[in-house]
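A.B. asks: Below are the structure tokens for one structure; questions will follow.
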Amino acid sequence: MISAVASRRHVIADDLRAQISTGRIKAGDRLPSETQLAARYTVSTPTLRSALALLQAEGLVEKVHGKGNFVRHPLRRITYIGGGGTPANAALCVTIRTTKLRARGHLAALLRVPAGSPLTEFLCVSHDGKSPHSLARIYIPRDLAPADVPPESSGPERMTTMLAKPRPPLAEVQEKIRVRLPTPVEATTLRIISTLAVLEVTRVSTDAAGRIVEAALLTLPGDRADALFTTHPITEERTAEG
């Protein structure tokens, strides 16, 4: 029975996906109500919702509370560049909110500073038009934080340049990546469903003296983000030439 239900939801999702990809159902269109779709496919409402959840997780369908399910316009994808990079897409706009706070709990441990140390948080939300696209929380020791960051920049590259201005040269960048479900705050901020997996990148940058000069917590929805890491192996021939 379980396998039959699972198979049925995939059949429904495949059919709706095909209608979307061929243009029979266009971006921005509202789908028939869940009751109507359940009757059309002769399934229960929970099975129908399970099928829609697959399309929502793929970013094809968006459920708007009180209005129904709509076909989403194609999402602009971003690529996180490993090794201290940022989500890269010049077409995105980034809004920045600056907050002064004190290191507590996980932040004190992450930046390896005593509890109560002054920090500056930059909450950065990228937007594709009016739609939120990705979220970054960047923490910098107060004495290293820039004081002239405007509330909005033209793109991720400019944001990175501004935040890097007062920072000492980096000696090491460590990145930890994991896939998880969004927190309620993240789901609300990014306007994504709670079952859509996000890519979480925790990036810690250290200078030559061993001081952590920046810690960044990046949240990238899985339906619109890729991660790219490039490795340059040191061969024996290159070592000999050096």
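Every read-out reported here was derived from the displayed coordinates using simple, explicitly stated rules and does not represent laboratory data. Nothing here was measured: the structure is a model prediction, and the numbers come from that model. Cβ sites come from the backbone with ideal geometry, for glycine too, and all protein chains shown count toward neighbours.
A.B. asks: Within the group R8, R40, which residue is out of contact with any Asp or Glu (no Cβ under 9 Å at 6 or more places or on another chain), surrounded by fewer than 17 Cβ atoms within 10 Å (Cβ to Cβ), farther than 27 Å from S134 by Cβ and of a type outside the set (A, V, I, L, M)?
C.D. replies: After ruling out the rest, the residue left standing is R40.
A.B. asks: Now for a different question. What is the residue count in region 164-192 for residues that are surrounded by fewer than 18 Cβ atoms within 10 Å (Cβ to Cβ) and either β-branched (V, I, T) or over 29 Å from Q56 (Cα atoms) (or both)?
C.D. replies: Going through region 164-192 one residue at a time, the tally reaches 17.
A.B. asks: Mind listing just one residue for me: the one in region 121-137 that is of a type in the set (A, V, I, L, M) and over 9 Å from the mean Cα position of the chain (by Cα) and, of those, surrounded by the most Cβ atoms within 10 Å (Cβ to Cβ)?
C.D. replies: If we take residues in region 121-137 being of a type in the set (A, V, I, L, M) and over 9 Å from the mean Cα position of the chain (by Cα), then V125 is surrounded by the most Cβ atoms within 10 Å (Cβ to Cβ).
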